[in-house]
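**Q** Sending over a structure as structure tokens; questions will come in a sec.
Values quoted throughout were computed directly from the atomic coordinates according to the rules given, and no laboratory measurement underlies them. Keep in mind the model is a prediction, meaning the values are calculated, not measured. Note: ideal-geometry Cβ built from the backbone for every residue, glycine included; neighbour counts use all protein chains shown.
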């Protein structure tokens, strides 16, 4: 019993010592506990704030996107256009100016770039695309913004600037890039425009080698271009837009297009295109838009005015009869190549 009493006494001593230590330091313990709870609260509050801010940013971008889409549907002469434009710009610039590199902020910069691009203010558009690239340099948004910058250079007839971007897209992202095949195709197309057939052929062949003959529309069109460029009779050399003060008057009447035939009646400054009545006005406009997207910059010198009776009037830089025939030949090839690639 004495041995057990000794053990019990030791236990009691330990318990009493712990009680005494807690009594002496209970204020410190309470303070540590409160500090721990406050820290947990701060962490939770930060996460909640970030989640709410993220949701708010996405909501803001959804609003900007909706405003821009609504603006595109309005005619610029519409009484509502000015008010809608001001509201869109206020919202978009506010979001695009926010700090950070989140998706909504980056997207807002691209949307503003698109707005100024459509407006023809290429300098402002380029700057907004650059801001988007700086915010997310290693994402698909940067690749999208770079493609848009290249399109700006093409509209400005800055072939070297566009080529630099297309080549960098391939060099930086390669076959895994979002626009790899399109970048190679556009590089080859510009080499053609510059008259460097050898480099154009090599780039088309690289495109087909990397992606295969049937892997995507650009590879399929590249196969066609390789065949055409390799055939001397299919070569195309034409420098359009030269100044001709007093062009000789002439009239060309031709039917082109083996798949969708259209009739062209053309002179030195303008032409009338008659397309099948089975093709609606919307279809005709969409076809030209798709063609322009496939060959961006090639037809930017053309002003097209559509009518509802199956005709379109084109205006273009002054051409001689030989030049215009060469241009019509090229358009015919492009139309057939493009339509064939969709089948």
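**Q** For 204, 218, 211, 155, what's the fewest-to-most ordering of other Cβ within 10 Å of each Cβ?
**A** Arranged by neighbour count, lowest to highest, 204, 218, 211, 155 become 155, 211, 218, 204.
**Q** By the gyration tensor of its Cα atoms, with a ≥ b ≥ c the square roots of the eigenvalues, what is the shape of segment 141-235: rounded for a/c under 1.5, prolate for a/b over b/c, or oblate?
**A** Oblate is the answer for segment 141-235, as a/c is 1.5 or above yet b/c matches or exceeds a/b.
**Q** While we're on this one: Distance from the Cα centre of segment 126-153 to that of segment 90-114, in angstrom?
**A** 13 Å
**Q** I want to check the label-to-label distance for residue 97 and residue 164. Put each point 7 Å from Cα in the C-beta direction and report it in nm to one decimal.
**A** Reported label-point gap for residue 97 and residue 164 is 3.0 nm.
**Q** 7 Å from Cα along Cα→Cβ at both residue 114 and residue 70: what's the point-to-point distance in nm?
**A** 1.6 nm
**Q** Can I ask one more? Label residue 206 and residue 254 with points 7 Å out from Cα along Cα→Cβ: what is the distance between them in nm?
**A** Inter-label distance under the simple model: 3.2 nm.
**Q** Neighbouring Cβ atoms within 10 Å as the yardstick, rank 135, 193, 98 fewest first. Walk me through the intermediate numbers first.
**A** Details: 135 22, 193 19, 98 13.
Arranged by neighbour count, lowest to highest, 135, 193, 98 become 98, 193, 135.
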